[in-house]
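Here is the structure we will look at, set down as structure tokens.
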Amino acid sequence: MGALLARNAFLNLASQAVPILVGVLAIPYIIHGLGVDRFGLLSLAWVILGYFTLFDLGLGRATTKFVAEALASGNQNRVPVIVWSSVTAQAILGGLAVLVLITLTPLLVERVLNIPKELVSEARSIFFTLAFSIPMVLMAGSFSGLLEAGQRFDLVNAVRVPLNLSSFLLPALGVWLGWGLPAVVLLLVVLRGLSLLAFYGLGARTFPEIRTRPRLDSAQLRSLLGFGGWVTVTSIVGPLLVYLDRFMIGALRSTAALGYYTAPYEMVTRLWIIPSSLMSTVFPAFNSLKRQGEWERLERLAARSVRLLLLVMAPLAAIIVAYASEILRLWLGAEFAQEGTMVLQLLAAAVLVNSLAQVPFNLLQALGRPDLAAKFHLAELVAYIPLVWVLVKTWGINGAALAWAIRVIADTLVLFLAASRFSPTLPRALFKEKVPHLLVAAILLGALALALPVGMRAFPLFVLWVPAAWMVSRSLPGGRRLLGLKGFSAKE
């Protein structure tokens, strides 16, 4: 399965890179056409839509886990029961989410968020429209989880690519045609509905046994919720931890400040496509290996995933840190460079650290301990709320970026410690894969990149990182060896 995992990870990465490139080109045009305030409003709409998927209750993730385990044990007749129990529950939960968002919208746009008075009516219309996309997003998550469990990421990406492209192309098209934001958001919601139909059609083609009458099996639902309950806590707290900085900026500063923060944030966090591309393919493999009792191969896969992420992410983060001002000036202009350089630098370093955390996070869920990450996030939230409030009030958007960086570093350390407790030989696997050596090299790379003059900041990448990466990876020339799963059958 090593070659299959490598292929799927590459497919995920390539399919997500295209929308990002389109976004890099489209965002300056969208900002110019909408203005900073309306762009901040559009970013809030994305946040609202993302956060209300917490009504998923972990069922999408649970679907992937239980279907992968059923396929690994040859119990394929359980697949329809798992999928339709999840989808039916998602439809019910999505309906509740619609009611909640519609009820909260007046409070959000009139009192909580610092939205200019002339945009309040527009914001209300946007949030009402977005509410009706939530059930479709939740149900689509169960069908895409089915395809992910079967390692059919080619089909998943065939739907996700145009959907992700639309997030940038439709606002750009709206600016060009002179549409208002409500019309653009309405089209985005329509596309969510089309993506749900596409995911179902592809799932039914791959697993014809799901072409049965939808029904909710109470016993299966209890199993799904037993795993998904703690995933739900993460789904509730996780987005709040991710988006709290932007809500604080909107409440304590202004929508203009939110625009200056959101643009570099959206750019640098797009690097998450790399860990997400890898871990979305590795998570079903974690579950299969755990089901089969292949603990040594499971830990080796986890360690090599960390190493691969370091090899790829560290030089990208170092380049962004070194040339943050130049990147923003070239992309969005001198004003954004002046306001957002430190934001971009702090967030780039934090994204690198957070990428590594995806490995122990997914490993703990595969080992049946999603509760640990959820408990950690609850504890982090208690400390993070006052931290981000104080830092935003004191240093504005730079304080928001600093608070976010502090949180993700603490989160990563705790997750690795927890994973090492439940997988005691994981630290040895990490040392065997030279992960500590790469960490030291990454720290030196970032320090040198900042210390040198602008014209020489690319120098450490070639004199330090390239030799280090070559020394670590010279014995792993192929995708099978890289993932450490040669000989692992896709049907096991």
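All but one of (1) at negative phi; (2) at pLDDT below 75 hold for V435, so report the exception by its number.
The failed condition is (2).
Out of region 199-216, which residues are touching a Leu at 6+ places or on another chain (Cβ under 9 Å) and of a type in the set (A, V, I, L, M)?
L202, I210
In this structure, is A89 modelled with pLDDT under 80, buried (at least 19 other Cβ atoms within 10 Å of the Cβ) and not hydroxyl-bearing (S, T, Y)?
No: the conditions fail for A89.
Do we have R78 as at pLDDT below 80 and in a helix (DSSP H, G or I) here?
No, not satisfied.
Filter region 61-86 down to the residues that are open to solvent by 10 Å² or more (accessible area, probe 1.4 Å), under 24 Å from the mean Cα position of the chain (by Cα) and within 11 Å of L146 (Cβ to Cβ) and list them by number.
F66
Can we say A219 is over 23 Å from V120 (Cβ atoms), without any contact (Cβ under 8 Å) to a residue 24 or more places away in the chain and not in a loop (DSSP other than H, G, I, E, B)?
Yes.
From the list A429, A383, which one is out of contact with any strand residue (DSSP E or B) (no Cβ under 7 Å at 6 or more places or on another chain) and over 30 Å from L289 (Cα atoms)?
A383
Within region 309-319, track down each residue that is open to solvent by 10 Å² or more (accessible area, probe 1.4 Å) and within 14 Å of W272 (Cα to Cα).
V312, L316
Of the residues F143, F128, which single one is within 28 Å of I273 (Cβ to Cβ) and in a helix (DSSP H, G or I)?
Every option except F143 fails the conditions.
Of (1) open to solvent by 20 Å² or more (accessible area, probe 1.4 Å); (2) of a type outside the set (S, T, Y); (3) not in a helix (DSSP H, G or I), I102 satisfies all except one. Which?
(3)
Determine whether A89 is of a type in the set (A, V, I, L, M), over 30 Å from L71 (Cα atoms), touching a residue at least 40 places away in the same chain (Cβ under 8 Å) and in contact with a Leu (Cβ under 8 Å, 6 or more places away or on another chain).
So A89 fails the test.
Show the residue pairs that are 6+ apart or on different chains and have beta-carbon atoms under 7 Å apart, the first residue being within region 143-171 and more than 22 Å from L188 (Cβ to Cβ), the second being of a type in the set (A, V, I, L, M) and modelled with pLDDT under 80.
Pairs found: Q151/L4; Q151/A490; F153/L11; D154/L11.
Here is a check on your reading of the model: is L378 out of contact with any strand residue (DSSP E or B) (no Cβ under 7 Å at 6 or more places or on another chain), surrounded by fewer than 22 Cβ atoms within 10 Å (Cβ to Cβ), under 20 Å from V237 (Cβ atoms) and at pLDDT 90 or above?
Against the criterion (out of contact with any strand residue (DSSP E or B) (no Cβ under 7 Å at 6 or more places or on another chain), surrounded by fewer than 22 Cβ atoms within 10 Å (Cβ to Cβ), under 20 Å from V237 (Cβ atoms) and at pLDDT 90 or above), L378 does not qualify.
Would you call K375 more than 19 Å from V321 (Cα to Cα), among the basic types (K, R), within 23 Å of the chain's Cα centre (by Cα) and part of a helix (DSSP H, G or I)?
When the stated conditions are applied, K375 passes them.
Please determine, by comparing only the residues of region 264-297 that are of a type in the set (V, I, T) and more than 21 Å from E148 (Cα to Cα), which one is surrounded by the fewest Cβ atoms within 10 Å (Cβ to Cβ).
My answer is T269.
Conditions (1) aliphatic (A, V, I, L, M); (2) over 18 Å from F336 (Cα atoms), marked per residue:
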{"position": "L252", "(1), (2)": "yes, yes"}
{"position": "L258", "(1), (2)": "yes, no"}
{"position": "T262", "(1), (2)": "no, no"}
{"position": "L271", "(1), (2)": "yes, yes"}
{"position": "I274", "(1), (2)": "yes, yes"}
{"position": "N287", "(1), (2)": "no, yes"}
{"position": "E294", "(1), (2)": "no, yes"}
{"position": "S305", "(1), (2)": "no, yes"}
{"position": "L311", "(1), (2)": "yes, yes"}
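For L310, are the conditions met, namely being within 19 Å of the chain's Cα centre (by Cα) and at pLDDT below 90?
Considered against the rule, which asks whether it is within 19 Å of the chain's Cα centre (by Cα) and at pLDDT below 90, L310 comes out as yes.
Consider A123 carefully, then state whether it is in contact with a helix residue (DSSP H, G or I) (Cβ under 8 Å, 6 or more places away or on another chain) and either outside any helix (DSSP H, G or I) or open to solvent by 10 Å² or more (accessible area, probe 1.4 Å) (or both).
Here the answer is no, as A123 does not meet what is asked.
Here are some residues: E148, E110. Which one is assigned to a helix (DSSP H, G or I) and open to solvent by 60 Å² or more (accessible area, probe 1.4 Å)?
One residue alone meets the criteria, E110.
Given R300, R205, R253, which one is open to solvent by 40 Å² or more (accessible area, probe 1.4 Å) and under 23 Å from G145 (Cβ atoms)?
R205
For region 176-191, indicate whether the set of residues that are under 29 Å from L216 (Cα atoms) and either open to solvent by 30 Å² or more (accessible area, probe 1.4 Å) or basic (K, R) (or both) is non-empty.
The answer is yes; a qualifying residue exists.
From the list L344, L330, pick out the single residue that is assigned to a helix (DSSP H, G or I), within 22 Å of M456 (Cα to Cα), open to solvent by less than 10 Å² (accessible area, probe 1.4 Å) and not polar (S, T, N, Q).
L344
Test A337 against the criterion of being open to solvent by less than 20 Å² (accessible area, probe 1.4 Å), modelled with pLDDT under 90 and either part of a helix (DSSP H, G or I) or of a type in the set (G, A, S) (or both), and give yes or no.
Yes; evaluated as a whole, the condition is true for this residue.
The values are calculated or read from the model by the stated rules, or taken from the named source; none is laboratory data. Values in this document were obtained by computation on a predicted structure and should not be read as measured data. All Cβ positions, glycine included, derive from the backbone under ideal geometry; neighbour counts span all protein chains shown. Keep in mind that these areas ignore ligands, DNA and RNA; they rest on the heavy atoms of the full protein, side chains included. Shrake-Rupley method; radii C 1.70, N 1.55, O 1.52, S 1.80 Å.
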